[in-house]
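The values are calculated or read from the model by the stated rules, or taken from the named source; none is laboratory data. Values in this document were obtained by computation on a predicted structure and should not be read as measured data. FYI the Cβ positions are ideal-geometry reconstructions off the backbone, even for glycines, and counts take in every protein chain you see.
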Amino acid sequence: MQSRCRAIQTLKGTRSFSTTTPRPAVSPYRRAAQATTSKTVKDHAKRPQSTTAAATQQEPRSRPSPAFNREDYDVQPLRPYRQPEMDHSFVGMKGGEIFHEMMLRQGVKHIFGYPGGAILPVFDAIYNSKHFDFILPRHEQGAGHMAEGYARASGQPGVVLVTSGPGATNVVTPMQDALMDGTPMVVFCGQVPTTIIGSDAFQEADTVGITRACTKWNVMVKDIAELPRRINEAFEIATTGRPGPVLVDLPKDVTGGVLSRPIPMASTLPTHPSAASVAAKELSRKQLEGSIRRSADLINIAKKPVVYAGQGMVSVPEGPKLLKELAEKAKIPVTTTLQGLGAFDELDDKSLHMLGMHGSAYANMAMQEADLILALGARFDDRITGNLPKFAPAAKAAANEGRGGIIHFEIMPKNINKVVQATEAVEGDVVANLAQILPLIKEVPERPEWFAQIKDWKQRFPWAYEKEGENGLIKPQTVMETLSRLTAPIKKDTVITTGVGQHQMWAAQHYRWRHPRSMITSGGLGTMGYGLPAAIGAKVARPDALVIDIDGDSSFSMTLTELSTAAEFNIGVKIVVLNNEEQGMVTQWQTLFYEDRFAHTHQRNADFVKLGDAMGVQADRVIKPEELEAKLRWLLETDGPALLEVVTDQKVPVLPMVPTGNALHQFLVYDEATQKKRRAQTRERSGR
């Protein structure tokens, strides 16, 4: 007992290392606070300050009064809770049947896909559906590219339905392609049941994880009650803002289960903006109005303006009309990207055709000499800018002097100032913002000096190529020009798709583009094998149009099995295969930069005519230049799917060309003497 008392005394004498004023000891048995009268308060106020402080320290903290003794106060009631609208129409349906119903509600007319075990409940539900057509390709990659072609031709999202595991991973390339080119696509894929996810089950793959980087949005539906809402969200996200691919992962127990209760149909996507977001939107609106006004001022004072139009001007029907109105009103020449071909009529005198690495020399010269570049729905990728520090020197100089610069109309905020610093950024829907700026632009009667300079460039640097070779073979550029001439009367109803390679560039250069949505090709990703399945999808979307796939032998070989799809469903695509038995674009680089070391770029192809016959597609071949036009007429006039193999000359370069590292105006153009010298050098080096 004595030791305990000594310990307590020791503790009382312990020094405190706290920097705060020591608090008085408070009895754990605190008495209830008495009601304070007004007199007590007055007396308390009359005390000296020190006395008051001491009293304050000694008085225990008051307890709150019981609720029934509290004074009344104003209550700010919360908004009344509104019960979400419930949908009873799906009760009793299986997941697959819900999928079918949602496709009807979304207005889906065609689905491209391939069945498998994990997605069978959905395939069973759509079996013999009279409401939409199902196109069965020979490979899931083909399904994805068909959906891309369908979307690009129609403006509606392409729909893909595949199974789990390899079925889903085989669509990764089309999804990345669609993401880079802004193509709306909705992919539904099967998945193993939720109860065994993570167990490395047969054909299990982390599809959501794999596709996170190549989709705008993806989700796994873990409860059948979510299914209708998630499908609605998928279509909304795929088609709003900059279009792109989305993916919905469907476990088998979800699609095979039965919905037993009504479900809310409201989307979980943000629809009711907060006060902060409303304020931010208002600020953004004011900033946009200022950008539009300042952009109009720059256009009105520019002496050498150029419009640089991309896919954003093609994706909306009003885009080409507004672009033409702008060019006419302000007398501005127009150049387009590969994906923007058709946004502006190339027969118009103000057309500069395509720009970039393999664009027209005069378009590239105009971009370098312009004091104002008006970028509409384009993103300044590396194939357009060339050597970035040397890009658009005149516009940059004009920006420093306040009389020009670069105006970037762009829907994706992340693309603004990502590559090129914009003098003015007009963020949002390109076509809507262009419609706002047009009334602010002054009408210009003409720009004689600027167009005289452009005319001089066109005369000095035309689309030139070697017309006749020593071996008498067909020149691929001649094929494009002949095809353009034969389809001239029906170009409004003609759609061209391509693979990726030299043939793609020749089509862009030598076919005359006059209408939007007439060129469908893989731009950002550059996917070989794109042309044939994209043509099938485009023909499904526009059955009355003439759809032609212009392909190269290497690119065509990657997806040629889809000929069977065209034959089975009688999809009347026309295929032109330019066969030079080499990977032409790669061999061109090997000739120019690798001293003709043709490493694995020559190949022996199948007999494409026999292959077409075997797959049920009418096929023919042309070798002689004098027979080319007649064979092309046969192709265009043949009913059903048809193929024409065109045997072309080898080692034909795509020119003009801006070599890597060069500025946009530092291009190679065709020169007869140089071409003959290069051919002789190639024969000497390779013995070919």
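The table below gives the values:
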{"quantity": "Evaluation of Phe451 against (1) part of a loop (DSSP other than H, G, I, E, B); (2) in contact (Cβ under 8 Å) with a residue 60 or more places away in the chain; (3) in the same structural domain as Leu347 (by TED's automatic domain parsing); (4) not charged (D, E, K, R) (one fails), failing number", "calculated": "(1)"}
{"quantity": "Residue check, Asp456 among the acidic types (Asp, Glu) and closer than 30 Å to Ala545 by Cα", "calculated": "no"}
{"quantity": "Wholly enclosed helices (runs of 4 or more DSSP H) of the stretch 505-592 bearing at least 3 residues at pLDDT below 95, more than 27 Å from the chain's Cα centre (by Cα) and surrounded by fewer than 23 Cβ atoms within 10 Å (Cβ to Cβ)", "calculated": "none"}
{"quantity": "Exclusive hit being of a type in the set (Lys, Arg), buried (at least 16 other Cβ atoms within 10 Å of the Cβ) and at pLDDT 95 or above, set Arg621, Arg679, Arg633", "calculated": "Arg621"}
{"quantity": "Unique match (being surrounded by 24 or more Cβ atoms within 10 Å (Cβ to Cβ), among the β-branched types (Val, Ile, Thr) and closer than 24 Å to Gln502 by Cβ) among Ile384, Ile373", "calculated": "Ile384"}
{"quantity": "Considering residues of the stretch 214-237 that are within 19 Å of Ala266 (Cβ to Cβ) and among the aliphatic types (A, V, I, L, M) only, the residue surrounded by the fewest Cβ atoms within 10 Å (Cβ to Cβ)", "calculated": "Val219"}
{"quantity": "Set Val652, Val586, Val646, Val622: member being out of contact with any Lys or Arg (no Cβ under 7 Å at 6 or more places or on another chain), touching a residue at least 40 places away in the same chain (Cβ under 8 Å) and hydrophobic (A, V, I, L, M, F, W, C)", "calculated": "Val646"}
{"quantity": "Only one of Gly501, Gly472 that is surrounded by 24 or more Cβ atoms within 10 Å (Cβ to Cβ), of a type in the set (Gly, Ala, Ser) and in contact with a helix residue (DSSP H, G or I) (Cβ under 9 Å, 6 or more places away or on another chain)", "calculated": "Gly501"}
{"quantity": "Conditions (1) touching a Gly at 6+ places or on another chain (Cβ under 6 Å); (2) under 18 Å from Pro174 (Cβ atoms); (3) touching a residue at least 60 places away in the same chain (Cβ under 8 Å); number of the one not met by Met558", "calculated": "(3)"}
{"quantity": "Gly96 vs. criteria touching a residue at least 12 places away in the same chain (Cβ under 8 Å), part of a helix (DSSP H, G or I) and under 25 Å from the mean Cα position of the chain (by Cα)", "calculated": "no"}
{"quantity": "Residue among Arg633, Arg597 that alone is part of a loop (DSSP other than H, G, I, E, B), charged (D, E, K, R), in the same structural domain as Ala507 (by TED's automatic domain parsing) and more than 30 Å from Ala366 (Cβ to Cβ)", "calculated": "Arg597"}
{"quantity": "Number of the condition not met by Glu424 [criteria: (1) touching a Lys or Arg at 6+ places or on another chain (Cβ under 8 Å); (2) surrounded by fewer than 18 Cβ atoms within 10 Å (Cβ to Cβ)]", "calculated": "(2)"}
{"quantity": "Single residue of Ile111, Ile119 found to be of a type outside the set (Lys, Arg), part of a helix (DSSP H, G or I), in contact with a helix residue (DSSP H, G or I) (Cβ under 9 Å, 6 or more places away or on another chain) and assigned by TED's automatic domain parsing to the domain that holds Phe235", "calculated": "Ile119"}
{"quantity": "Residues located in the stretch 406-417, provided they are surrounded by fewer than 24 Cβ atoms within 10 Å (Cβ to Cβ) and either in contact (Cβ under 8 Å) with a residue 24 or more places away in the chain or of a type in the set (Phe, Trp, Tyr) (or both)", "calculated": "Ile411, Met412, Asn415"}
{"quantity": "Single unsatisfied condition, Lys414 versus (1) of a type in the set (D, E, K, R); (2) closer than 21 Å to Leu355 by Cα; (3) within 29 Å of the chain's Cα centre (by Cα)", "calculated": "(2)"}
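Results for (1) touching a His at 6+ places or on another chain (Cβ under 7 Å); (2) surrounded by 24 or more Cβ atoms within 10 Å (Cβ to Cβ); (3) small (Gly, Ala, Ser), shown as yes or no for each residue.
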site: Met175; (1), (2), (3): no, yes, no
site: Ala178; (1), (2), (3): no, yes, yes
site: Val192; (1), (2), (3): no, no, no
site: Thr195; (1), (2), (3): no, no, no
site: Asp200; (1), (2), (3): no, no, no
site: Gln203; (1), (2), (3): no, no, no
site: Val208; (1), (2), (3): no, no, no
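Yes/no per residue for (1) in contact (Cβ under 8 Å) with a residue 60 or more places away in the chain; (2) not aliphatic (A, V, I, L, M):
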residue	(1), (2)
Met357	yes, no
Ser360	yes, yes
Gln368	yes, yes
Ile373	yes, no
Ala378	yes, no
Arg383	no, yes
Pro389	no, yes
